[in-house]
Structure formats: C-alpha cells, structure tokens
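Participant: Before I ask anything, here is the structure I am working with.
What follows is calculated from the coordinates using simple rules that are stated; it is not laboratory data. Because the structure is predicted, anything quoted here is derived from the model rather than measured. With ideal geometry, Cβ positions are generated from the backbone for all residues, glycine too; neighbour counts draw on all protein chains shown.
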Amino acid sequence: MTTRPESTDQKILERIRALLSKAEASSFPEEADAFTAKAQWLMSKHSIEQALLEGDAHSTSARSLCIVHDSPYASQKATLLSQISRPNSCRAVYESGRTTSTVFGFEHDLAAVELLYTSLLVQAGSEMMQAERVGGLDPSRLKSFRAAFFIGYGARVAKRLSDIRDIAAAEATQEVGEDVLPVLASREMEVSDAVREAFPRTTSRRPSLSNGTGFLAGQVAGDKADLGPRGARLTNAS
C-alpha cells in the first residue's frame, strides 16, 4: 500500500510549526488559542489520513521518543506531556528518577506532539506570568501555585485537543465510511502494546495538588478560547 512521502510529512510539520510559532508570539490569548487549535486540527487530520493510507499493511510501526523535562516542575511538565499525547494517538511514560518521559506513537504523531509540547510550555509560561501579575500572590505560595497551574492548564488544553480530534475523526468517517474507527483503534492498540513491552510495570498516578488557586488559574488559561476548526465552538466539560 502506498504511504505518504516523507517530503509531505515535512511540509505539514512546517505548517504546524508556523502556526504554533504564531501562537507563541501573540500577545492576545484568544488569538494564540486559535492558532494552537488550527495546529491541532492539522495534526489530527494528517494523523487520520496517514493511518488510512497505511491501513492494515503495517508498513510502519510504533516508535518511541525520549523527552527530558527541565527543572523546576519536571513532574508537572511530564503530566502536561502525557495529557496532550493521548489526543494525538501517543502515550507518555514518566520516569521520575530521571525526570524523563518516553513517548510512544507513530513517527508523524511523535513529531507533532514534540512540537505541540514545546509550544505549550512557552504559552503556559506566558499565561502563568500574567496570572501571577494580576493575582497578587503571596511569595511563599508561588512554587505551589506554578505547579498547580501546569496541571490545570494541561487538563483544559487536553480536553480541547480531544474535542478537535473527535471532530476530525467524525468528518473522516463521513467522507470515507466506518473503516476509520477500526483503523484508529488498531493503531492505538499497537501503541499500547509498545508501552507494555517497554514498561511492563507502569502505574498510574494522580497529580498532587496543594494550591487550588493555581489549578483554577491554569484551567482558566487553558479554557479561554474554545475555538476549534473552522470557527466551531467546543464545549469543555467541567
């Protein structure tokens, strides 16, 4: 079965990178969110198209990517990475002793997740500084505020990304039929198998929160503009 040429992947990644760069550079939160939403839409659309092209031929297989999280807040950044990996058909496993996450997925999805994660760190940092300026925070609570902010921000952003992914999958189903969902499910199973093979004893953990104000500020920052593809309004669950 024919697969998409590598040059096409590079062109799409460049478009995603350009959109995320615009999001990082914007001083208007809603505009930044709109650029990020467009980037996610393109990521989802390309991922689904690639999955359908490859089909059941298994011409490619799940791979892994290692990302080292800078201190401080390495654990919270790992949570953000995990939260945005799932809407993009990837899975992230965090090793706290090494402050390292291993992300599993197909090559084009991994590249897109890495771009998105790097951009969202920049955007989250900008939003966090703004929240601190207007919040009049007690300096003794600054560390816990920032840690909680990352978690709240990631939760809201992940929900928005999932909504966009669902819309892309629904539109693909309308265009090419019900074969879309089994193909996507098969690829997700392959990613899950790769995780289990590399990390047979992983455990789930709930992020530790000690600052409700920071968590709420992060959610507000991640939820400012529910702008999806083509101006659709996406409803976020509370």
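Participant: Just add up the charged neighbours of residue 149: K/R +1, D/E -1, any other residue whose Cβ is under 10 Å from the Cβ of residue 149.
Facilitator: On the way: positive: 146; negative: 127, 132.
Net charge in that neighbourhood comes out at -1.
Participant: Please give the length that would be gained between residue 61 and residue 176 if that part of the chain were fully extended, namely 0.36 nm times their separation in residues minus their C-alpha to C-alpha distance (nm, one decimal). Don't skip to the end; give the middle numbers.
Facilitator: Details: separation 115, 0.36 × 115 = 41.40 nm, distance 2.33 nm.
Gain on extension, residue 61 to residue 176, equals 39.1 nm.
Participant: Shifting gears a bit: Starting from the Cα of residue 130, step 7 Å along the direction of its Cβ; do the same at residue 143; then give the gap between the two resulting points in nm.
Facilitator: Each label point is offset 7 Å from its Cα along the Cβ direction, giving 2.8 nm.
Participant: Right, another one. Between residue 114 and residue 11, what's the calculated FRET efficiency when r is the beta-carbon distance and R0 is 22 Å? Round to 0.05. Let's see the in-between values first.
Facilitator: On the way: r = 17 Å, r/R0 = 0.78.
My answer for the efficiency is 0.80.
Participant: Which value, in debye to the nearest 20, gives the size of the charge dipole of the range 141-203 about its Cα centre, when Lys and Arg are +1 and Asp and Glu are -1 at the Cβ? Display every interim value, and only then the final one.
Facilitator: Details: 10 positive and 10 negative charges, 199 e Å.
It comes to approximately 960 debye.
Participant: To the nearest 20 debye, what charge dipole does the range 84-196 have about its Cα centre, counting +1 at the Cβ of each Lys and Arg and -1 at the Cβ of each Asp and Glu? Let's see the in-between values first.
Facilitator: Details: 13 positive and 16 negative charges, 166 e Å.
With only Lys, Arg, Asp and Glu charged at Cβ, the dipole is about 800 debye.
Participant: Let me ask something additional. Among 180, 158, 168, which residue has its Cα positioned farthest towards the positive end of the charge dipole of the range 155-203, with +1 placed on the Cβ of Lys and Arg, -1 on the Cβ of Asp and Glu, and the dipole taken about the Cα centre?
Facilitator: After comparing all options, I get 158.
Participant: Here is a further query. What distance in nm separates the two pseudo spin-label positions at residue 199 and residue 100, each 7 Å out from Cα along the beta-carbon direction?
Facilitator: Once both label points are built, they end up 1.2 nm from each other.
Participant: Continuing with this model, one more query. To the nearest 20 debye, what charge dipole does the range 38-98 have about its Cα centre, counting +1 at the Cβ of each Lys and Arg and -1 at the Cβ of each Asp and Glu?
Facilitator: Here the range 38-98 has a charge dipole of around 200 debye.
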